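The values are calculated or read from the model by the stated rules, or taken from the named source; none is laboratory data. Nothing here was measured: the structure is a model prediction, and the numbers come from that model. Note that we place each Cβ from the backbone using ideal geometry, even for glycine, and neighbour counts take in every protein chain shown. Quick note on the areas: whole protein, heavy atoms, side chains included, nothing else; ligands and nucleic acids left out. Shrake-Rupley method; radii C 1.70, N 1.55, O 1.52, S 1.80 Å.
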Amino acid sequence: MSKFKQLYKPLLDSAQWLAPEETVIEGTEFGHWLLELDSLSRRFERHCQAFTVSLEEQIQLSRECLTGDERALIGDVDCLLRKVVLKGDGVPWVYARTLIPLTTLTGQEQDLAQLGEMPLGFRVFTDRSARRDALVVANVGSEDRPVWARRSRLWLNDKPLLVAELFLQEAPIYKESLSWK
């Protein structure tokens with residue numbers, strides 16, 4: 001099991017997701033990152049010389065493995081599970097877990113299963129039909145030392161994907177907001 005999966009998957013699993021308006025993130029520097037509706041990958045790319053993605057795992061996941069919350073957002077369907085680490089200049093910034101329903105992997109969207117180490121955001125947000133909704137956030141750290149995560153549903157040609165992202169300690173989200181209390 002990879003270090004990232006071992007350390008960070010439990011944090012995402014334990015997230016108590018809240019609507020942004022239920023938190024104190026709006027208007028903060030880090031809130032802009034969490035509320036980003038466009039490609040997070042494109043935004044990260046502007047903060048480093050080399051933006052890369054490490055594919056940690058990609059497997060088919062049975063519908064029985066989805067939580068009730070996930071089923072409500074993307075349907076009671078088998079999915080392709082994709083776990084990656086987004087890195088800026090070789091430094092891990094985000095651990096991301098994406099659920100892509102097999103029903104989404106049809107037509108033009110078949111290529112989503114073949115992304116490898118290409119950022120999902122580079123593919124999704126080049127499509128004019130792309131949109132994001134159901135955005136929720138969670139602090140999976142402490143009040144003194146927050147570790148932020150967000151989850152949102154992406155749509156491509158009216159087909160859903162569910163992305164959860166954990167912002168790691170070295171991510172620019174924290175560098176720009178040293179006063180988060």
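Go through region 23-124 and name the GluC sites (Glu not before Pro) that are in a DSSP coil and have 16 or fewer other Cβ atoms within 10 Å of their Cβ. Of the GluC sites (Glu not before Pro), the ones in loops of region 23-124 whose Cβ has at most 16 other Cβ atoms within 10 Å are 26, 117. Once amide H atoms are built 1.01 Å from N in the peptide plane, which residues 5 or more positions from residue 94, or in another chain, come under 5 Å H to H? Amide H to amide H, under 5 Å and 5 or more residues apart or across chains, residue 94 pairs with 86, 168.
The charge dipole of the chain, taken about the Cα centre with unit charges on the Cβ atoms of Lys, Arg (+1) and Asp, Glu (-1), comes to about 280 debye, rounded to the nearest 20.
Based on DSSP H segments of at least four residues, each scored -39500 (n - 2.57), the chain has a per-residue ellipticity at 222 nm of -5000 deg cm²/dmol.
Surface composition of the chain: carbon and sulfur make up 49 percent of the accessible area, probe 1.4 Å.
Note on the chain: Lys pairs 8 or more places apart or on different chains, Cα atoms under 19 Å apart, count 7. Here, P(r) means the percent of Cα pairs in each 5 Å bin from 0 to the largest distance; for the chain it is 1, 8, 17, 22, 22, 17, 9, 3, 0, 0. Among the trypsin sites (Lys or Arg not before Pro) within region 58-134, those in coil by DSSP and having at most 15 neighbouring Cβ atoms inside 10 Å are 128. For region 122-181, run through the GluC sites (Glu not before Pro) and keep only the ones in DSSP coil with at most 16 other Cβ atoms within 10 Å of their Cβ. Answer in residue order: 143, 170, 176. Accessible surface for region 1-54, divided over its residues, is 61 Å² per residue with a 1.4 Å probe.
For residue 51, the residues 5 or more places off, or on other chains, whose built amide H falls under 5 Å of its own are 89.
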